Amino acid sequence: MKLLYQTHSPFARKALVFAHEAGLADRIEVVHHETSPTARNDEVFALNPLGKVPVLITDAGEAIFDSGVICQYLDGLRAGPPLIPTDPAERIAALRLQAVADGLSEAGILVRWETIRRPPALRYPPLAEGHLAKVAAGCAFLEARFTPRETPGLAEVAAATALSWLEFRDIHDFRATCPRLTAWYDAFAQRPSMRATALEGETVDVPPSRGP
């Protein structure tokens, strides 16, 4: 299989971390592609009409996207117990947590567009503030409602990769208000799956503890 991947995409990393957790990473060739709404990548568009990565090309040559669908596909290939719960209630709970985590990344990306990537004359601060409020609310939700499973699965991978990207891009300091989430994230960040997929330039060691 091939995974079309972008080094700083939290969604691409989510798919790759999940592949590692599922024991399938050695079956996947990672192919780096740069994508942006302002820089069309024709190779990616040929496989995904949205022009986004990640895209997984299966052994049969089928293109699968987005990250959540890729994770579900990989879970079906896994030899061991599924990483996405099969019990209906547990499955919905995991998918809901994935939705929150994906929303953190999506809102964070929009914050970057409004504060860094868009030309200064075209930036709209109230829009950036609105997206940043979503990030803060999403982190607060995870702090209050996220109970990680002992065996990591979809929800844990989605949350960890989203938090890693938020911190890497300095979008929101979840450490200041989410101590329980921070402690879990720091432990999860040391897993081989996370260390093997570290964002370029990311510090993978546990940061020093901070005071209140």
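The values are calculated or read from the model by the stated rules, or taken from the named source; none is laboratory data. No experiment lies behind these values; they were computed from the predicted model shown. Every residue, glycine as well, gets a Cβ built from its backbone with ideal geometry; the counts of neighbours run over all protein chains shown.
For L166, state whether it is assigned by TED's automatic domain parsing to the domain that holds G138, among the aliphatic types (A, V, I, L, M) and under 26 Å from I116 (Cα atoms). Considered against the rule, which asks whether it is assigned by TED's automatic domain parsing to the domain that holds G138, among the aliphatic types (A, V, I, L, M) and under 26 Å from I116 (Cα atoms), L166 comes out as yes.
Any idea which residue in the stretch 97-125 is surrounded by the fewest Cβ atoms within 10 Å (Cβ to Cβ), counting only those that are in contact (Cβ under 8 Å) with a residue 40 or more places away in the chain and among the charged types (D, E, K, R)? So the residue we want is R112. Residue count for the stretch 3-37 satisfying the condition of being surrounded by fewer than 16 Cβ atoms within 10 Å (Cβ to Cβ), over 14 Å from the mean Cα position of the chain (by Cα) and of a type outside the set (A, V, I, L, M): 8.
When we screen A94, A128 for residues that are surrounded by 16 or more Cβ atoms within 10 Å (Cβ to Cβ) and over 19 Å from the mean Cα position of the chain (by Cα), the only hit is A128. The set of residues in the stretch 174-188 being surrounded by 14 or more Cβ atoms within 10 Å (Cβ to Cβ), in contact (Cβ under 8 Å) with a residue 12 or more places away in the chain and not acidic (D, E) consists of F174, R175, C178, L181, W184, Y185, F188. Tell me which residues, restricted to the stretch 132-171, are within 18 Å of P85 (Cβ to Cβ) and among the small types (G, A, S). Selection gives G153, A155, A158, A159, A160. Screening the stretch 38-60 for residues that are touching a Gly at 6+ places or on another chain (Cβ under 7 Å) and part of a loop (DSSP other than H, G, I, E, B) and picking the one that is surrounded by the most Cβ atoms within 10 Å (Cβ to Cβ) gives N41. Looking across the stretch 66-86, the residues that are touching a helix residue (DSSP H, G or I) at 6+ places or on another chain (Cβ under 9 Å), within 13 Å of A15 (Cα to Cα) and not in a loop (DSSP other than H, G, I, E, B) come down to S67, G68, I70, C71, Q72, L74, D75. Taking the criterion of being in a loop (DSSP other than H, G, I, E, B) and among the hydrophobic types (A, V, I, L, M, F, W, C), the only residue of the stretch 105-162 that qualifies is F146.
Residues in the stretch 163-173 that are part of a helix (DSSP H, G or I), of a type outside the set (S, T, N, Q) and crowded, with 21+ Cβ neighbours inside 10 Å: L163, W165, L166.
Here C71 meets each of (1) surrounded by fewer than 14 Cβ atoms within 10 Å (Cβ to Cβ); (2) assigned by TED's automatic domain parsing to the domain that holds V31 with one exception, condition (1). When the stretch 16-27 is filtered for residues that are more than 10 Å from A158 (Cβ to Cβ), in contact with a helix residue (DSSP H, G or I) (Cβ under 6 Å, 6 or more places away or on another chain) and in a helix (DSSP H, G or I), the ones remaining, listed by number, are A19, H20, E21, A25. Can A144 be described as within 16 Å of the chain's Cα centre (by Cα), among the small types (G, A, S) and surrounded by fewer than 19 Cβ atoms within 10 Å (Cβ to Cβ)? Answer is no for this residue.
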